[in-house]
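In what follows, a single structure is set out as C-alpha cells and then discussed.
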Amino acid sequence: MGTEEPDVPLRKDGTPRAVGDRHYYSMFEYAGVGVANVNFTGELMDVNARFCEMLGYSRDELLKCTFQQLTHPDDLDANLGLLTKVRQGEIDGYRIEKRYRRANNEILWAELTVSIEKDNDGHQCGLISIIQDISQRRQNEERLNFLMGEVAHRSKNMLAIVRAMARQIAHNTTSVQDFQKALDLRIAGMGASYNLTFQSADNHASLDRLIGSQLALFVDRRDGRVHYEGPHLTLGPNAARVLGMGLHELATNSCKYGALSAITGTVHIGWQINPAPQNSVTLHWIERGGPPVIPPAHIGFGRKVTETMVAVSLQGDVKAAFLPGGLEWDITIPLGSLQG
C-alpha cells in the first residue's frame, strides 16, 4: 500500500496549487519565508502558512485582500510603480523593502522579491512574491542611526561646553598652570558623569553614585565633611550629565570660596520625592562652617550652569540663597525629566 498524498488546496481561481508536481505543495506551504501568488491587479491568489503567520490573518482572509490593502500607504506608490514596469515588460521582477500592516495594526517590515510566474505553456499568469521579515534588522538600523545622531549631538554640545569653560577659566586665572589645573578638574567632572551612565546597559546612573563621583574629585567622603542621603533614584543619560555639571560647579565654587575651602566646612546634600500632584524630586545643597558668604557681584560661568543651564535642561526650578552662614541651593525637577 502506498502512502496517501496530502490534499492540495486550490488557489483562489480554482486551479490546483501544485501543477504536475506535488513537491511544489510542500515547498510552498512549509517555506520559512512568506510566499504569495498575486495577479497583475494585486489580488492575492494563494498564500502560504508563513505569510499568514507574519501578517496575523487566516488564509481565507488574505485571499479576500489585495496587496494594496496590506501595504503601508507611505510605501504603496513605490510598489505600484515597480508593478507597472513589470506589466509593461520593462523589467522581469523587482526587490523592495516595504511595510505591511498586520491584522493588529502593527507594522511589519519586509523585503519583498517579486518575479513573473508562467504557466506550462510559458505564458505570464501572475507574480510570485517572496516576503522576508526584516523587522528586527530595521529596528537595529533605526536604533543605530538614532544612537549615531545622539552621539553627534552630544559631542557638539560637549565641545561647546568645553570651549565655554576654557574661556571662563581663562578670565579667572593668571597663569598657565592654574588654567590647566582648573580645566583638568572641570573635564574630569564631566568624564565622571559620562562614565557612570555608560557603565550600565541602559545608560542610566543612580543619583547617589553620581554625587559621589563628583564630590570625590574634591574631598574624601571619609573625612566627614560631605554628607549625602536620599531615596534611590535612577537618572537617564541627559539628567546625569546635566546634574553632574551642576554638582561639579557647586563643588568647585565651594572649594574656592565656600565651605570646602575651610577645614571646618561641611556640605550636606539631600533629596526627597514629592508625591502627586507634584510628581517631582527636590535636591538640596547646604554649606556650613566656611568663610562668611559674600554674594557674587556678577554672574559667571558657574552660576550660569547651576542656576540657568540645569533648570532649563531639566525643566526644573532652581533657588540659590547666598546666606552669611553658607550657600543654600536647591532644585525641584519633574520625575519625567530625570529619565531623559
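Each value in this text was obtained by applying a stated rule to the coordinates, not by laboratory testing. Note that this is a predicted model, so its numbers are computed, not measured. For neighbour counting, all protein chains shown are included, and Cβ atoms are generated from backbone atoms with ideal geometry for every residue, glycine included.
Only helices enter this figure: runs of n ≥ 4 DSSP H residues, each worth -39500 (n - 2.57), summed and divided by the residues of the chain, yield -12500 deg cm²/dmol at 222 nm to the nearest 500.
When peptides 173-183, 314-324 are sorted by average Cβ neighbour count within 10 Å, with the highest value leading, the order is 314-324, 173-183.
Stretched out straight at 0.36 nm per residue, the stretch from Asn39 to Asp77 would grow longer than its current Cα-Cα span by 11.9 nm.
Legend: P(r) of segment 205-340 from all alpha carbon pair distances, 5 Å bins from 0, whole percents, reading 2, 10, 21, 25, 20, 13, 7, 1, 0. Panel order for Arg241, Arg209, Arg163, by other beta carbons found within 10 Å of each beta carbon, from fewest to most: Arg163, Arg209, Arg241. Once you have a ≥ b ≥ c as the square roots of the Cα gyration tensor eigenvalues for segment 23-133, tell me rounded if a/c is under 1.5, and otherwise prolate or oblate according to whether a/b is larger than b/c. Note, shape of segment 23-133 comes out oblate. A Cβ-based charge dipole, computed about the Cα centre of the chain with Lys and Arg at +1 and Asp and Glu at -1, lands at about 1740 debye. For Ile91 and Arg143, the FRET efficiency from 1/(1 + (r/R0)^6), where r spans their Cβ atoms and R0 equals 30 Å, is about 0.35. Neighbour counts of other Cβ atoms within 10 Å put Asp119, Asp223 in the fewest-to-most order Asp223, Asp119. Here is what passes the span test in the chain: the DSSP H helices with alpha carbon length of 15 Å or more along the helix axis and a Kyte-Doolittle mean of -1.0 or above are 73-87, 135-172, 176-198, 237-256. Stokes-Einstein, applied to the Kirkwood radius of the chain over Cα pairs at a viscosity of 0.692 mPa s and 37 °C, places its translational diffusion at 129 µm² s⁻¹. Cross-link reach is defined here as a Cα-Cα straight distance under 27 Å, omitting same-chain residues fewer than 8 places apart; for Lys64 the lysines meeting it are Lys12, Lys85, Lys98, Lys118.
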